[in-house]
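J.: Can you read through this structure? Questions will come right after.
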Amino acid sequence: MIEAQGLTKRYGDKVAVDDLSFTVNPGRVTGFLGPNGAGKSTTMRMMLGLDNPTRGSVTIGGKRYTELHHPLRTVGALLEARWVHPNRSARAHLSWMAKSNKISPKRVDEVLDIVGLTEVAGKRAGGFSLGMSQRLGIASALLGDPEVLLFDEPVNGLDPEGILWIRKFMQRLADEGRTVFVSSHLLSEMALTATELVVIGKGKLISQSTTEEFVARATDSTVKVRSPQLDRLRPALEDIGATVTESDGGLLVSGASSDKIGELAMENRVTLHELAPQQGSLEQAFMQITGDSVEYHTDIDTADAAAASAAATN
């Protein structure tokens with residue numbers, strides 16, 4: 001478990017993290033989201049003792065990172081994939097890390113196999129592609145078989161097969177009861193990977209909830225209806241105050257549940273060919289909720305961005 005309490009970090013006059021409190025529980029993948037400049041990287045660095053908080057604290061399993069005797073056995077982290085010395089081989093890099101935390105040398109070959117780097121284990125890390133470097137970083141995080149894992153942009157540089165692999169792998173780690181905390185700008189991937197979200201903006205907590213609750217709270221739910229008798233159903237829907245718009249030969253209805261629409265259809269002897277709830281996307285919800293927390297705005301406004309995202313999804 002990770003617990004942040006009143007976590008604050010100042011750099012001179014700039015407040016990077018502002019009285020931030022949240023909990024990351026085991027047994028699930030928790031996504032860490034926020035616009036650029038929100039304080040995500042600073043928060044993760046404070047978790048790992050790389051930056052000291054100005055005020056507040058963050059603990060992992062009840063202890064600060066600096067209090068852990070063999071930290072790699074408790075916490076595995078990927079913050080920067082290319083921090084490896086370029087002249088070291090993947091195996092040499094992992095062997096050095098294992099020795100520093102009294103981890104069995106056998107574990108080096110195990111994690112190399114897990115991430116698919118066995119065939120290049122003897123090659124210089126400086127010659128790795130970004131995707132291979134990401135895999136080596138993930139191997140480093142797994143080396144101590146830790147209960148807590150922190151990943152910052154873990155799918156950068158990975159091909160579609162690699163992205164699918166890391167998604168399923170993180171979910172499997174969570175299913176084993178581990179605490180998995182992952183920061184990413186790929187919201188479509190987070191929607192598929194994370195069951196819970198911690199969302200921050202300008203260093204402050206905006207939301208902590210399940211992914212489903214976050215999307216439902218921020219976007220309007222609609223129901224898609226197809227029927228050969230829409231001319232009878234539409235007036236009945238409007239009579240109960242529902243908002244009805246035409247879409248792809250059917251209707252999009254907001255302000256009425258699918259159950260209510262089904263009941264109205266039965267009352268009016270309307271045959272239904274489709275009755276499908278439509279939920280907004282994580283991208284739409286994120287842009288709506290964090291719109292006031294974006295540090296650098298472009299010319300496109302939030303509504304246009306949401307429309308563009310929806311069009312791209314369709």
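The values are calculated or read from the model by the stated rules, or taken from the named source; none is laboratory data. These numbers were taken from a predicted model, which means no experiment stands behind them. When we count neighbours, we look across all protein chains shown, and the Cβ atoms used for this are built from the backbone with ideal geometry, even at glycine.
J.: Hey, among ASP51, ASP113, which residue is of a type in the set (Asp, Glu) and closer than 30 Å to LEU20 by Cα?
T.: Sole residue among the options that is of a type in the set (Asp, Glu) and closer than 30 Å to LEU20 by Cα: ASP51.
J.: Being under 26 Å from ILE103 (Cβ atoms), among the small types (Gly, Ala, Ser) and surrounded by fewer than 17 Cβ atoms within 10 Å (Cβ to Cβ) narrows it down to one residue among GLY137, GLY177; which is it?
T.: Unique residue meeting the criteria: GLY177.
J.: Residue by residue through the stretch 64-88, note down the ones that are part of a loop (DSSP other than H, G, I, E, B) and among the aromatic types (Phe, Trp, Tyr).
T.: TRP83
J.: Identify the single condition in (1) within 29 Å of the chain's Cα centre (by Cα); (2) surrounded by 15 or more Cβ atoms within 10 Å (Cβ to Cβ) that GLY126 does not satisfy, given that it satisfies every other one.
T.: Of (1) within 29 Å of the chain's Cα centre (by Cα); (2) surrounded by 15 or more Cβ atoms within 10 Å (Cβ to Cβ), only one is false for GLY126: (2).
J.: Then there is this: Scan the stretch 57-79 and report the pairs whose first residue is touching a residue at least 24 places away in the same chain (Cβ under 8 Å) and not assigned by TED's automatic domain parsing to the domain that holds MET44 and whose second residue is of a type in the set (D, E, K, R) and part of a loop (DSSP other than H, G, I, E, B), with Cβ atoms within less than 6 Å and a gap of 6+ or a chain change.
T.: Qualifying pairs under 6 Å: none.
J.: When the residues of the stretch 98-116 are narrowed to those that are modelled with pLDDT under 95 and closer than 21 Å to MET170 by Cβ, which ends up nearest to the chain's Cα centre (by Cα)?
T.: Going through the qualifying residues, I end up with VAL115.
J.: Return a yes/no flag: does the stretch 210-219 have any residue that is in contact with a strand residue (DSSP E or B) (Cβ under 9 Å, 6 or more places away or on another chain) and farther than 28 Å from LEU187 by Cα.
T.: No, there is no match, as no residue in the stretch 210-219 is in contact with a strand residue (DSSP E or B) (Cβ under 9 Å, 6 or more places away or on another chain) and farther than 28 Å from LEU187 by Cα.
J.: Among the candidates VAL148, VAL84, VAL115, single out the residue that is among the β-branched types (Val, Ile, Thr) and without any contact (Cβ under 8 Å) to a residue 40 or more places away in the chain.
T.: Exactly one residue qualifies, and that residue is VAL115.
J.: Out of curiosity, is SER183 under 16 Å from the mean Cα position of the chain (by Cα), touching a residue at least 40 places away in the same chain (Cβ under 8 Å) and crowded, with 18+ Cβ neighbours inside 10 Å?
T.: yes
J.: Next question, about the same structure. What number of residues within the stretch 230-251 satisfy the criterion of being surrounded by fewer than 16 Cβ atoms within 10 Å (Cβ to Cβ) and within 17 Å of GLY280 (Cα to Cα)?
T.: 3
J.: Would you check which residues across the stretch 118-145 are of a type in the set (Gly, Ala, Ser) and touching a residue at least 60 places away in the same chain (Cβ under 8 Å) and list them?
T.: Result: SER140, ALA141, GLY144.
J.: Here's another thing I want to ask about it. Grab the strands (runs of 3 or more DSSP E) fully contained in the stretch 1-63, keeping just those with 2 or more residues being surrounded by fewer than 15 Cβ atoms within 10 Å (Cβ to Cβ), among the β-branched types (Val, Ile, Thr) and touching a Leu at 6+ places or on another chain (Cβ under 9 Å).
T.: Qualifying strands (runs of 3 or more DSSP E): none found.
J.: Is it true that ARG232 is part of a helix (DSSP H, G or I), more than 13 Å from the chain's Cα centre (by Cα) and of a type in the set (Lys, Arg)?
T.: yes
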